[in-house]
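This report refers to the structure that appears directly beneath it.
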Amino acid sequence: MKALELPPTYDPSTIERAIYQRWMDAGVFTADNASDRDPYVIVIPPPNVTDVLHMGHGLNNTLQDVLIRFERMRGREALWLPGTDHAGIATQNVVERVIAQEGLTRHDVGRDAFVKRIWSHVETKGSTILEQLKAIGASCDWSRTRFTLDEEYSRAVIKVFVTLYHEDLLYRGHRVIHWCPRCSTSLSDEEAEFHDRTAQLYHIRYRLRDEPQRHVVVATTRPETMFGDVCLVFHPDDERFADVNGRSVLIPLSDIEIPIGTSDHVEQDFGTGMLKVTPAHDANDFDIANESPLDLDRPVVIDEHAKMTNIDRVPVSLQGLDRDEARKQTVELLEKAGLMDRIEPYEHRVRKCYRCHTIVEPFLSDQWFVKMKPLAAPALAAYRQGDIRFVPERWGKVYENWLEDIRDWNISRQLWWGHRIPAWYCTSESCGKTIVAESAPNKCECGAVLRQDEDVLDTWFSSWLWPFATLGWPNKTPDVRRFYPNHSMVTGPDIIFFWVARMIMAGFHFMGEKPFTTVYLNGMVRDTQNRKMSKSLGNGIDPLHVVERYGADALRYTVVAGSATGADVNLDPDDLDTSFAVGRNFANKLWNIGRFILTNLEKPVTPIAAIDAGQMELADRWILARTQRAVTETTEALDAFRFSETANTIYHFLWDEVADWYIEQVKPRLGQDGPSGEIARSVLGRTLHRRAVTGRCRPLYSR
RNA sequence: GGGCGAAUAGCUCAGUUGGUUUAGAGCGCCUGCCUUACAAGCAGGAAGUCGGGGGUUCGAAUCCCUCUUCGCCCACCA
């Protein structure tokens, strides 16, 4: 390569791709499970298979790449394992939208055909994000790419389900869960996110049955659910209602008689102190009904489409109406009947589906749950003993608090895209046996036909196995032996509950060991108004566009330098030149330093080891000392996950000390033929050699 | 109702356990330079009561208290 023929201004588009190809051809990203080097492993937070690269991925993956390259340079057997997540709800939604354009629903298409349709979508459109990661320079071991629905991976998922079942840590339960009427599936507690909103608190009059001129007032935000009421309760200490205890009231508009009882779940200060209990439509009410000494029914008045059911408890005029319309009409009917005491504006929180933001409906149904308390115990202990560390530390508390108060995990989803639940039910009513097994039995012991559970597993029920299932578990593969546990987990704090905590629990339970040592939580990428970058706000920056304009290094340097440990990165989508100036300018500077050195290395160079310190000039010794200092500082900073400090150190060392000071200082000597020139050239070359970092002498840009 | 984070030059941000900083960088701005690696550059410069108030200390942007403004997370007050 003749440096003088290169353009003075760095043009990354012509260079980066070729260098990446050289790395690939040389196989430098491929980890060797038979080497005697100390392993260093990171598994990528698998992006959704249909995802398109955004700045969040850019930041997250750059940080991982920095760590993996640092350890690779240090001489460790570095494995960065890539892959994608099938992302049950998200992917199914994408393909449902596609077929909707053909006027079809998934039910029109049918289960098998629809799943095939998703597979073909995934095969053609999927995994582009992995190609995009290559464009930003990610040094993943692509030979080990995994997908959560791979055959081998799926076997691990099924095995885990069956194992937990036999350990009595997994069960089928009948209870009120969060239901998304749009996605028509149940959700875990974590998937139903709280959102503030202003609503109305309706105060409704329930007449006493034996004293119709008298009524008790109950406050609710969801009047349409009252047809599912089974009783009213007040706090046992509440004197105000002592005289109605044990008596009964009539549900307005339907005149169904329900009793009044007590429960210490009731907050005396809230509303009127009298609570309506609707066990099929509120998890808390379900518990109250279960704890009640009365034999209470659980009538379902809102169905899975969020429509009023046709049971005769529901007034005919309301049957089949959407929940919002039903609410409106219920309110009107109550007002007409003089049973609406008052309506107050009310600030409260509703839960929304994390995928489509539809308000979820509490729904009574059969779902599979994992008992979490026993799994949480070792995960909690490991954190408290300091075996697992969070950076920044404060996230450790978040993790700890969640685990301390963990609730059982609803893992069944009424979707078609995912791992089908390995449970079979005997169709004979007299038998009714449930069989949970890795492979399908032909028939029940009783001789009757078995029917497999229709549901699939929560996406997170597969990704919580990611640190070891990607290595080939449950087989005892060389990769499992060599690369588990992993070392660093780099991800966002928003999925501590969804993913990080669960991986730790799974790691201890199935591998008997923590999945990784350090969890690094990176910040969010935001715009200049501090808003999260998102498609809907239109304030996103396309990382590939940045790569095209300024190069991957400019992108990478900018995001790494731009955030302190775990802090958010702010960038201006309307001014990319300014946003990425630091990275672009620095990449250009590096290019020119390199160009300058290469020009001079065409002349003879004395090997650095052969130079006696006494022959060096003060400037030579100075820059070598500064080089050593930069190496030390960089190493210390990276060991402590202080990425921006690393970036800063390298920047000032190369720019201020090497370029502005040393190069300018030795320029007159560089062209000379004698020892002085040879030494200057050698020392200059040394400042950019990775040997400075690793003790092995190879050029910066190769293995 | 709990918990957490942020507030430092016009803009975007560093500042690791209180003291080598009389507060740093990039962009922008001002002055002079096309000095053959780089004008995406070089030499130099202006610019901040480190959100307000109080406290601890010989010493605080850094620790404590409090207030203000943004942002985030958790929670079975319907």
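The values are calculated or read from the model by the stated rules, or taken from the named source; none is laboratory data. Just so we're clear, the structure is a prediction, and the values are computed from it rather than from any experiment. When we count neighbours, we look across all protein chains shown, and the Cβ atoms used for this are built from the backbone with ideal geometry, even at glycine.
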TODO: Being more than 13 Å from A:A156 (Cα to Cα) and part of a helix (DSSP H, G or I) is the filter here, so list the residues in the stretch A:457-479 that pass it.
DONE: A:W460, A:P478, A:D479
Open item on the list: If the requirement is being farther than 24 Å from A:D150 by Cα and at pLDDT below 90, which of these qualifies: A:P12, A:P39?
Closed with: A:P12
- [ ] Would you check if A:G228 is farther than 28 Å from A:I359 by Cβ and of a type outside the set (D, E, K, R)?
- [x] no
Open item on the list: List the residue pairs whose Cβ atoms are under 8 Å apart, where the first residue sits in the stretch A:106-117 and is closer than 11 Å to A:E96 by Cα and touching a residue at least 12 places away in the same chain (Cβ under 8 Å), the second is surrounded by 12 or more Cβ atoms within 10 Å (Cβ to Cβ) and among the polar types (S, T, N, Q), and the two are 6 or more positions apart or on different chains.
Closed with: A:R106/A:Q92
- [ ] Determine which member of the set A:P474, A:P485 is touching a helix residue (DSSP H, G or I) at 6+ places or on another chain (Cβ under 6 Å) and in contact (Cβ under 8 Å) with a residue 24 or more places away in the chain.
- [x] A:P474
TODO: Would you mind listing the strands (runs of 3 or more DSSP E) fully within the stretch A:236-320 where at least 2 residues are within 14 Å of RNA strand B (Cβ to nearest atom) and under 26 Å from A:D189 (Cβ atoms)?
DONE: A:274-277
Task: Residue in the stretch A:180-195 that is surrounded by the most Cβ atoms within 10 Å (Cβ to Cβ), counting only those that are over 13 Å from A:G88 (Cβ atoms) and more than 16 Å from RNA strand B (Cβ to nearest atom) - done: A:P181
Open item on the list: Just to check your reading of the model, which residue among A:D408, A:D479 is buried (at least 20 other Cβ atoms within 10 Å of the Cβ) and touching a residue at least 24 places away in the same chain (Cβ under 8 Å)?
Closed with: A:D479
Task: Matching residues in the stretch A:487-520 - criterion: being more than 11 Å from RNA strand B (Cβ to nearest atom), within 21 Å of A:I68 (Cα to Cα) and not β-branched (V, I, T) - done: A:H487, A:S488, A:M489, A:M503, A:K514, A:P515, A:F516, A:Y520
Open item on the list: Could you list, ordered by first residue, the pairs with Cβ atoms under 7 Å in which the first is in the stretch A:380-392 and within 13 Å of A:P515 (Cα to Cα) and the second is outside any strand (DSSP E or B) and within 16 Å of RNA strand B (Cβ to nearest atom), at least 6 apart or interchain?
Closed with: A:Y383/A:G396; A:Y383/A:Y399; A:Y383/A:E400
Open item on the list: Restricting to the stretch A:652-682, count the residues that are surrounded by 17 or more Cβ atoms within 10 Å (Cβ to Cβ) and near RNA strand B (Cβ under 7 Å from one of its atoms).
Closed with: 2
TODO: State the number of residues belonging to the stretch A:614-649 that are surrounded by fewer than 21 Cβ atoms within 10 Å (Cβ to Cβ), within 21 Å of A:H487 (Cβ to Cβ) and out of contact with any helix residue (DSSP H, G or I) (no Cβ under 7 Å at 6 or more places or on another chain).
DONE: 5
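A quick yes/no check of all residues on (1) among the β-branched types (V, I, T); (2) within 16 Å of RNA strand B (Cβ to nearest atom); (3) assigned to a helix (DSSP H, G or I); (4) in contact with a Cys (Cβ under 8 Å, 6 or more places away or on another chain):
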residue: A:I129; (1), (2), (3), (4): yes, no, yes, no
residue: A:A138; (1), (2), (3), (4): no, no, no, no
residue: A:L149; (1), (2), (3), (4): no, no, no, no
residue: A:K159; (1), (2), (3), (4): no, no, yes, no
residue: A:D168; (1), (2), (3), (4): no, no, no, no
residue: A:Y171; (1), (2), (3), (4): no, no, no, no
TODO: Working only within the stretch A:196-215, note down all residues that are more than 12 Å from RNA strand B (Cβ to nearest atom) and hydrophobic (A, V, I, L, M, F, W, C).
DONE: A:L208
- [ ] Taking only the stretch A:383-434 into account, find how many residues are more than 16 Å from RNA strand B (Cβ to nearest atom), in contact with a Lys or Arg (Cβ under 9 Å, 6 or more places away or on another chain), assigned to a strand (DSSP E or B) and not hydroxyl-bearing (S, T, Y).
- [x] 3
TODO: Could you please let me know if A:V52 is closer than 30 Å to A:T185 by Cβ, out of contact with any Gly (no Cβ under 8 Å at 6 or more places or on another chain) and among the β-branched types (V, I, T)?
DONE: yes
Task: Test: A:G685 is more than 12 Å from RNA strand B (Cβ to nearest atom), crowded, with 16+ Cβ neighbours inside 10 Å and under 46 Å from the mean Cα position of the chain (by Cα) - done: yes
